[in-house]
């Protein structure tokens, strides 16, 4: 694809089509087929055309004779699952926001970090201020929900073992935001002076702060997880919500 977004053929260098759909290449192959039906170029071309016709979706696996061929980006089930994940993220972010305000982990909060590793691998208690919150990192991790988002940027009073004064710590543990108690860091960080300065960017609650980037991230996450597992995970979550009293 050229700089202006127009497809350029790598065979004839004309614009508007690619090599697999090049009419000049097709004509040349057909002429070669008459001279030598088993010529390597002819056989390669035939394989390309056969693979193109039998191509199936890399997410749901459809693409047989009884269904319309499509790819991951245009997959109807992928689009449906993305919308479910966006709804899940809206709930996740609403809970995270209230949790941050309730625990006082706002910008300006004074935090004591237990077992802070400094030069010589010594561990001490150290103080730091919440400098900022990386709001883009606070999103539903899907199947990776056994970890809390590392989203709190803390400016420490002392350098750590690597000479850094900035520390990135997870938001406080909450059972609705994490599927495992193993990521409960309540014993590692303590609030000394709380702050309710919790101001997410415009559109954050509705997943509209970085819509294209977030959708792309969700799509890749779902593709990596696999259609079967995504479907069953979403069904289980919906059943759990239905069973939870208002």
In this structure, does residue 191 turn out to be at pLDDT below 90, assigned to a strand (DSSP E or B) and more than 30 Å from residue 81 (Cβ to Cβ)?
-> no
Is there any pair with a first residue in segment 83-104 that is touching a residue at least 12 places away in the same chain (Cβ under 8 Å) and a second that is assigned to a helix (DSSP H, G or I) and buried (at least 18 other Cβ atoms within 10 Å of the Cβ) whose Cβ atoms are under 6 Å apart and which are 6 or more apart or on different chains, and what are they?
-> 84/234; 85/218
Only one of 99, 70 that is surrounded by 13 or more Cβ atoms within 10 Å (Cβ to Cβ) and either in contact with a helix residue (DSSP H, G or I) (Cβ under 8 Å, 6 or more places away or on another chain) or modelled with pLDDT under 90 (or both) = 70
For residue 177, indicate whether it is in contact with a helix residue (DSSP H, G or I) (Cβ under 8 Å, 6 or more places away or on another chain), assigned to a helix (DSSP H, G or I) and over 16 Å from residue 130 (Cα atoms).
-> no
Could you tell me which numbered condition residue 198 fails, if it satisfies all but one of (1) under 30 Å from residue 73 (Cβ atoms); (2) in a loop (DSSP other than H, G, I, E, B); (3) modelled with pLDDT of 90 or more?
-> (1)
Residue within segment 120-128 that is assigned by TED's automatic domain parsing to the domain that holds residue 153 and under 19 Å from the mean Cα position of the chain (by Cα) present = no
Segment 8-25 residues that are not assigned by TED's automatic domain parsing to the domain that holds residue 46, paired with ones that are part of a strand (DSSP E or B) (beta carbon under 8 Å, 6 or more apart) | none
Scan of segment 72-129 for residues that are assigned to a helix (DSSP H, G or I) and in contact with a strand residue (DSSP E or B) (Cβ under 8 Å, 6 or more places away or on another chain), ordered by number | 100, 103
Can you tell me which residues in segment 110-122 are surrounded by 13 or more Cβ atoms within 10 Å (Cβ to Cβ) and either modelled with pLDDT under 95 or touching a helix residue (DSSP H, G or I) at 6+ places or on another chain (Cβ under 8 Å) (or both)?
-> 111, 112, 113, 114, 116, 117, 118
Scan segment 45-72 and report the pairs whose first residue is under 21 Å from residue 29 (Cα atoms) and outside the structural domain of residue 226 (by TED's automatic domain parsing) and whose second residue is in a helix (DSSP H, G or I) and at pLDDT below 75, with Cβ atoms within less than 7 Å and a gap of 6+ or a chain change.
-> none
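The values are calculated or read from the model by the stated rules, or taken from the named source; none is laboratory data. Nothing here was measured: the structure is a model prediction, and the numbers come from that model. Ideal geometry is used to build each Cβ from the backbone, glycine not excepted, and the neighbour counts take in all protein chains shown.
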